[in-house]
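Please read the structure below before turning to the comments.
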Amino acid sequence: MAKYISSYITNQSFPERGKSMDIKQAMKRVNQDNFMKEGGKLLPQTTNPKAIEKELYMLQVQAGQKILEIGTGSGYSTALLATLTESNGMVVSVDIDPMLTERAKKKLTTYNHVTCVTGDGRNGYAPLAPYDRIIAWATPNHLPNAWKNQLKNDGILVTPFQVRPLANCIVTVRLKKQNGKLLGEQVSAEGYIAMTDEPLVDFFGYEAQAEIAGEGKDPYWASSIWMKKHPHNEWTQTFLSAQPIPSPYPNTGKDLRAFLLGTFPNGFTTAYHPEHGFWIGYSTPKGFAFASESASKWLVSDFEHKNVLEDWWKKWKRLGQPSYSELLPYVDGQMIKVKLKGGLK
């Protein structure tokens, strides 16, 4: 299942852009609405086409390759992969939802080199392994050993992953298998829903990962390490009653997000306010200072916390305003983390 929940499109450049015409031509050849719409309505299990395009660049698909796709969803990305691999390749697509698998089979009948399988994507699909490429459209809670074992040497894995133990800290990474190990190569900003062992009936958002969360269809939430151990009733009330103020900087919190993911400073916090949107910044049990991810606005409880956020902002600017292109993913046990390529200077 592959519902797209977060799109932070950056100006990141990809070295594989030389194959961009292949991907764009594939997207022109495949009827998007045929896959993504059902009864005239958008299928819930869909991924933003721009995100699909971006991650196909990361995957570097070539004709004749064998691809394992985790999360069939609407089948649109499956059709694109089948088009890119051409008839001498193979695409194996796995989804936990049998209804989606059966729907995709009917939609993909013109592609003789596509196999759709119902199962837990974390197990991959061993009968047709090994694979040249593996791509996932849902976020696993750990890096499955099956993916590494079923990937050929020099093969590429593209997957979303929660690189920090906080809500809204999912990015998409590219790893390459060399000498039996997965080595990090690239980071993109997109995030996807969690991978589950049963078909989803009700879709959920980041509040499911947060330490503080309200109720209802559009609940508030906040996530920080300190919130796991300290009471936060008074903090929550202050957060909910706070009003945005003009930011002292023209940039938004979205611009700072990659830097904070890569450095993970003490007090790093993500949050969502039903009236004011997504926020990122600094907090303690005594207060907070957040930057809006969509506007040049701040949400501040006091000057002490505001000063810390300003220090982070100045450090980000001093380092050349690093974005996702400056992040390097790396495997730590069964987790994937990110760091600044040059480190802190």
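Each reported figure results from applying straightforward, stated rules to the coordinates on display, with no laboratory input. Since the structure is predicted, the reported quantities are computational estimates derived from the model, not experimental observations. Virtual Cβ from ideal backbone geometry, glycine too; neighbours counted across all protein chains shown.
Taking 0.36 nm per residue of separation and subtracting the current Cα-Cα distance, fully stretching the chain between MET335 and LYS314 would add 4.5 nm.
Dipole magnitude for the chain: about 1060 debye, using +1 per Lys or Arg Cβ and -1 per Asp or Glu Cβ, origin at the Cα centre. Ranking ILE245, ALA213, LEU256 by Cα position along the charge dipole of the range 170-277, where only Lys, Arg, Asp and Glu carry charges on their C-beta atoms, puts LEU256 farthest toward the positive end. For SER93, nonlocal amide neighbours, meaning residues 5 or more places apart or on other chains whose placed amide H falls under 5 Å from its own, are GLU69, THR115, CYS116, VAL117.
Simple point charges give the picture: +1 on the Cβ of Lys and Arg, -1 on the Cβ of Asp and Glu, and for the range 288-342 a dipole about the Cα centre of about 240 debye. Note that the range 288-294 has calculated 3J(HN,Hα) couplings of 6, 8, 10, 10, 5, 7, 10 Hz, one per residue in order, obtained from phi through the Karplus relation 6.51 cos²θ - 1.76 cosθ + 1.60 (θ = phi - 60°); glycine and proline are x.
Between 0 and 90 degrees, the angle of helix 253-263 with respect to the longest Cα principal axis of the chain falls at about 80 degrees.
Axis angle, to the nearest 10 degrees, between helix 20-29 and the longest C-alpha principal axis of the chain: 70 degrees. Here the Karplus curve 6.51 cos²θ - 1.76 cosθ + 1.60, taken at θ = phi - 60°, turns the phi angles of the range 210-217 into couplings of 7, 7, 10, 8, x, 10, x, 6 Hz, with x standing for Gly and Pro. Across the range 55-185, the relative contact order, built from alpha-carbon pairs under 8 Å that are at least six residues apart, equals 22 percent. Comparing ASP120, ASP33, ASP95 in a Gaussian network model of the chain, where Cα atoms under 10 Å apart are tied by springs, the biggest mean-square fluctuation is seen for ASP33. Note on ASN141 and LYS228: the extension gain reaches 29.5 nm, defined as 0.36 nm multiplied by sequence separation minus the Cα-Cα distance.
Defining a contact as two alpha carbons under 8 Å apart and six or more residues distant in sequence, what relative contact order in percent does the chain show? Once normalised by length, the contact order is 14 percent. Can you tell me the orientation of helix 303-318 relative to the chain, as the angle in degrees between its alpha-carbon axis and the longest Cα principal axis, to the nearest 10? Roughly 50 degrees between the two axes. Assuming a ≥ b ≥ c are the square roots of the Cα gyration tensor eigenvalues, decide whether the range 285-345 counts as rounded (a/c under 1.5), prolate (otherwise, with a/b larger than b/c) or oblate. Here the range 285-345 falls in the prolate category.
Between ASN112 and SER241, what FRET efficiency comes out of the Förster formula 1/(1 + (r/R0)^6) with R0 = 56 Å and r the beta carbon distance, rounded to 0.05?
0.40
Here each label is just a point 7 Å from Cα along the line to Cβ, and for GLU304 and GLU53 those points are 4.9 nm apart. Per DSSP H run of n ≥ 4, the term is -39500 (n - 2.57); total these for the chain, divide by its residue number, and report the mean residue ellipticity at 222 nm rounded to 500 deg cm²/dmol. When only DSSP H runs of four or more count, the value is -7500 deg cm²/dmol.
By the Cα gyration tensor, the chain has an equivalent ellipsoid whose semi-axes, rounded to whole angstrom, run 37, 22, 18 from largest to smallest. Counted residue by residue at 0.36 nm each, then reduced by the alpha carbon distance between them, the extension gain from SER325 to ALA126 reaches 68.3 nm.
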